[in-house]
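To start, the structure itself, in structure tokens.
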Amino acid sequence: MFGLFNYWLAIVIMMIGFYGVIAKRNLLKQAIALSLFQTGVLMFYVSMGVYEKDGVSGVAPVWTDAAKAGPFDNPLPHVLMLTAIVVSVSTLAVAVALIVNIKRKYGTIEEDEILAIDARDR
Amino acid sequence: MEFESEFMRALMEHLPVVVVTIPLFGGLLTLFTGLIQRGGGVVAWLWSLLVTAAILACASLLLWQVQTTGEQVIYRLGSWPEQWGIVYIVDALNAYVIFTIALLGFMATLYAKTSIEAEVAHDRHHQFYTVWLLAIAGLIGISVTGDAFNVYVLLEIASLTVYTLVAMGGERDRRALVASLKYLILGSIGATFILLGIGYLLMLTGTLNMADMHDQLTQMHARGELAHNRTVLVGFAFLMVGLGLKMALFPLHLWLPNAYTYAPSAVSVLIASTATKVGVYMTFRFVFTIWGGVYDTSEDMYLLSLLACAGIVISSVTAISQFDAKKVLAYSSIGQLAYIVLGFSMVNEPGVTSSVIHIFNHAVVKGGMFMALGAVCLRTGGTSIEHLQGIGKQMPLTMAAFTIGGLGLIGVPMTAGFVSKWFLIEGAMEHGHWALAFVVLLGSLLALIYIWRLVEIIWLRPPLDPKRVVKEAPLTMLIPMWILIGSSIAFGIDATWTAETAQAAARVILEGAKL
Amino acid sequence: MLAQLFSLGMLGMLAPASSALPTVEMSLSPMLAIAVPLVGAFLIAIAGRWPNIRESITLATAVALLWVVGNLANFVEAQPTAAEKLVDVVPGIPLAFHIEPLGMIYALVASSLWILNSIYSFGYMRANHEPNQTRFYVCFAVSLACVMGIAFASNMFTLFVFYEALSLATFPLVAHSGTPQAIKAARTYLGILMGTSVCLMLPAMVATWVYTGTLDFVPGGVFSEPLANHVLTPALFGVIFALYMFGVGKAALMPAHRWLPAAMVAPTPVSALLHAVAVVKAGVFTVVKVAVYIIGVDQLQKYGQGGWLVLFAGGTILIASFIALFQDNLKRRLAYSTISQLAYVTLGAALLYPISIKAAALHIAAHAFAKITLFFAAGSIYTASHHRIVNVSQLDGIGRKMPWTMAAFTIGTLSMIGLPPTAGFLSKWWMLQGAWTADNQFAVFVLVGSTLLNAGYFLPIVYRAFFKPPPANEAAEVGHGHAHAEHAHAHGEAPLPMVLALIGTAAATVVLFFQPDVFAGLATMLADSLPKVVP
């Protein structure tokens, strides 16, 4: 049960983020929540890279002598997540840039107020 | 001569990666046009035109290569074997998709000059074209790669750039900013779901190569390991939701109408004709190439076809009551996408053929129609019904293109839309589902209503202000517009080439789907 | 004298071999018949600024088309000629054309009436100062190109393409005046025609393709094999047949008839085009063509699927005639008459006997010439009376002011009722024979009953026109202080081109009774080519 702890945590973080995206009416909060949502996936991937069976950690393929080897995890998911982190940061950057511009043009970053302004303009 | 053939040989060898690297680096170089002229100006446009022309040439070569040899083109990046490195695979399906994107990219760039000059601030053109080319790079990259994680990366390149492009409309109409942010949030959720789905696949198979994934899954299936394996189901579910968001499949389409409506005209042309199509292409790859034959997806496909039917009817009904012509087209895009989804959800040859052929046909028709509306926006300052009233007499060429394009959306014979519809109905009947066929026909009728409403406004109503002088659209707009609309007619009259290409692609897709 | 000259001219035009124009011995392509009006349309559009040149081109194109069609008629044989492929639209489904008797009837009717209709239009459009005349003539020519495409189509797909194109090409004609009422009517028109064809005919076509693998027109139909192999159940076969029959909205089979009265807002030459030359004829032509060449009448008989159509067609005949009795608006009355007359053709096809098919084919021609006469007359009255007379109740004594018009009108009504010496008599006679052969009491009852009804709604018009005195208080009645009051008594015949045209069509109606060989020969050829059925 404890072995799946990481996955539980990943899903909990994701769902907190997901909730924030849906429930919060402040655009910046939505962006933060979105970032949190994406972070959950990072944990999910990194957890998947663990090479551990029955308490024995894996051995890096380059070691011929297992006794000398330290603990080893699959590096592939980590590498993938480096990319995903970059993506998530750039997404946040674009989102924040948009929000700054929205603030300039609308004078608010509350979604309800923006909708009200648009409805009034029409 | 010697050099030329050497060059051609090298080019042919590296084609699959060249179609992505040209716009990628070409896009980055566009930034430097700002040094030549403030904001890049016409230099940035000319450079982008050159780059997109080069992509189009390469994409055509690639398509020609695949069609003449009839084999897959496999390109291993850095010569790493498929299991470890990234591999680009081009077959009858994606050569066709790449060609469609390249063609539309070139036409949209040709068109962009006048429209962008009018709609984007003059000191930012180099930035615009940089992002523009990067978006094309991302879209083509998704279609060419055979690596699941690479799909995600390129998808994010395409998405982030498209969000930015949409937001560029904020100078004309601030609603573009909000639309772009909504698109960003929903798009990122979709992409994250796709990433999760890929994660489950990686967990299951230990590989990221699509072909390898398929092999691993079929072997596991043969060994009976997938019988009660929930990982495979959850992965599929995450992917389908993510892809549904990217395809704007009803009910995940909410980001689309505003994004298409408030984006700059040229951007609407590009994204309406390519962005969602790439989502469809990814779905083909995940559902058929990876999952095909691994487990029985007929129930999922049934669900998809129901969603598609709902999408066709609801989006078309919504389109009827819109006041902005761009929004009519945006809702119509959701409906047309649903036709594509309906086609492949039948999992038979005519159905999948209709999907594949409609990727091209709809791109051409919708691209041409958005171009026409962009020209109206340029000349009158908007695309709402008041702007369109009686414009037919003032901009006859533009509006004739719009009308013919509209006939294509309805699916009138002798337009490309009819060919798609023909295969779709044939697929439904072969499938034994007359009800699906009638939903398609109902969709055509609804399309007739929403298009004809605009046609009457354009041609039969008097202009709102008869003294207003409206000139015909400039040639840089008319030429690409009529090339697209003309090809919609040409491929409606003689669809042999498109139909055979699509049938070949459909066979590739269904090859993977055999149980 | 004038009438004689004209009838002689008509005969000369209709009998292709004896045409004054040179005949061509080498093989002509049916595609030429489509190309001629299209080129004409293009030239008309260019010449739009000069009305005289524009109208000369229209007439020249019409004559050229008749010449082409007349020469094509030399190649007619009982079996369709080999298909000439233009282009493969989808692999296996080409745009292709052939010549066969039924299509020839339709093409000859349309192309010969186009000449007369053009002459009539020149008078009508000018006299009534109609707007957008260039658009009118261009759309008219394009419509004729579509008609030729329908008539010579060698597969269902080609027919469907031109059928839809015809709906679109006639839309601007129906919406001609641009008034909200006209636009609304045009919307109904397009909605019903496109709706039925897209929702019913298209699936029927695809089903045909899925079950038989072909859409070609083959004498005897294409369904015998899947039916014999039990791939297709007779019930589904019946459904496909029904989809085809109701999919042809242009045949105005009830309940898809609403567009026809609605389209009455259009100018009279357009009504003539709709009712006689092109549109409704395209409908009934398609009905007969599908019944003979796709479904196969013998297959219908073998599997007992045609019966319900007799009821629908018969019902349409009676109900439409009954409604016509109560229409005061002259053009509306004519429209309902058209609905009932079209159902005769459908009835002929539904009876499933060679003689009734023959009657149906001939009725396409007979009705065309008579109905165009009636519409021409209605338009002439409207023009001559300065837009004042549109109702039957206003026609008292009009025969004295417009003797030529009303004489032609009378001939038209005789043909509608089916009395000699008019073409309508022949087709009705064969139709009755068909009904007797089929031993179908209902059909006989319908034919007799509708004849009475036809007489009931047409003869009062003739009676009013010739035997009732003009209203003494006409000036006061219409006047109510209107400026037109002075014109009320002043008007005589309509402009000369209109009178010439309507005398021509009336004469043709009579000539076709005495010399029916052109159409009757083709109809007989068609009937003889049908597979012999032993009931």
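Readers should treat all values here as calculations from the given coordinates under stated rules, not as data from a laboratory. Bear in mind the structure is a predicted one, so any value in this text is a computation, not a measurement. A quick note on method: Cβ atoms are made from the backbone with ideal geometry, for glycine too, and the neighbour counts reach across all protein chains shown.
Computed quantities for the displayed model
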| quantity | calculated |
| --- | --- |
| C-alpha long axis of helix C:30-46 to longest principal axis of chain C, angle in ° | 40 |
| Built amide H within the under 5 Å cut-off of C:Leu419, gap 5+ | C:Phe425 |
| Extension gain (nm, one decimal) between C:Arg126 and C:Ser29, 0.36 nm per residue minus Cα-Cα | 31.3 nm |
| DSSP-loop trypsin sites (Lys or Arg not before Pro) across region B:330-437, with at most 16 other Cβ within 10 angstrom | B:Lys393 |
| For residues of B:183-193, the mean tally of beta carbons on other chains within 10 Å | 6 |
| Qualifying trypsin sites (Lys or Arg not before Pro) in region B:198-287, DSSP loop, other Cβ atoms within 10 Å at most 16 | B:Arg223 |
| Cα-Cα over 27 Å, subset of B:Lys246/B:Lys421; C:Lys331/C:Lys401; C:Lys184/C:Lys401 | C:Lys184/C:Lys401 |
| Relative contact order of chain C, defined on C-alpha pairs under 8 angstrom at six or more residues apart (%) | 17 |
| Alpha carbon convex hull of the protein assembly as shown, projected area averaged over orientations, nm² | 53.4 |
| Relative contact order (%) - criterion: Cα under 8 Å, at least six apart; region: chain B | 15 |
| Residue list for region B:187-229, given a label point 7 angstrom along the Cα-to-Cβ vector of A:Leu9 and an amide N cut-off under 15 Å | none |
| Vicinal HN-Hα couplings computed from phi for region B:303-308 (Karplus, 6.51 cos²θ - 1.76 cosθ + 1.60; Hz; Gly/Pro x) | 4, 4, 5, 5, 4, 5 |
| Relative contact order (%) - region C:294-378, alpha-carbon pairs under 8 angstrom, separation at least six | 30 |
| Simple spin-label estimate for C:Asp88 and B:Glu4 in nanometres, 7 Å along Cα-Cβ | 3.4 |
| Once the Cα gyration tensor of region C:389-440 is diagonalised, semi-axes √(5λ) in Å | 33, 12, 6 |
| Förster radius 22 Å - calculated FRET efficiency between A:Lys24 and A:Ser90 (Cβ-Cβ, nearest 0.05) | 0.55 |
| Whole-Hz ³J(HN,Hα) from phi, Karplus 6.51 cos²θ - 1.76 cosθ + 1.60, for region C:510-522, glycine and proline x | 6, 4, 5, 6, 7, 10, x, 4, 4, 7, 5, x, 5 |
| Calculated FRET efficiency for the pair C:Thr214/B:Gln219, C-beta based, R₀ 35 Å, to 0.05 | 0.20 |
| Helix-derived mean residue ellipticity, 222 nm - over the protein assembly as shown, DSSP H n ≥ 4, -39500 (n - 2.57), to 500 | -24000 deg cm²/dmol |
| Those residues of region B:102-121 whose amide nitrogen sits under 14 Å from the label point placed on B:Glu171, 7 Å along Cα→Cβ | B:113-121 |
| FRET efficiency, C:Thr233 to B:Gln65 (Cβ-Cβ, R0 56 Å, nearest 0.05) | 0.70 |
| Given chain B, longest segment not containing exposed loop chymotrypsin sites (Phe, Trp or Tyr not before Pro) (DSSP; at most 14 other Cβ within 10 Å) | B:85-322 |
| Region C:271-351: Cα Rg divided by the 2.2 N^0.38 Å rule of thumb | 1.20 |
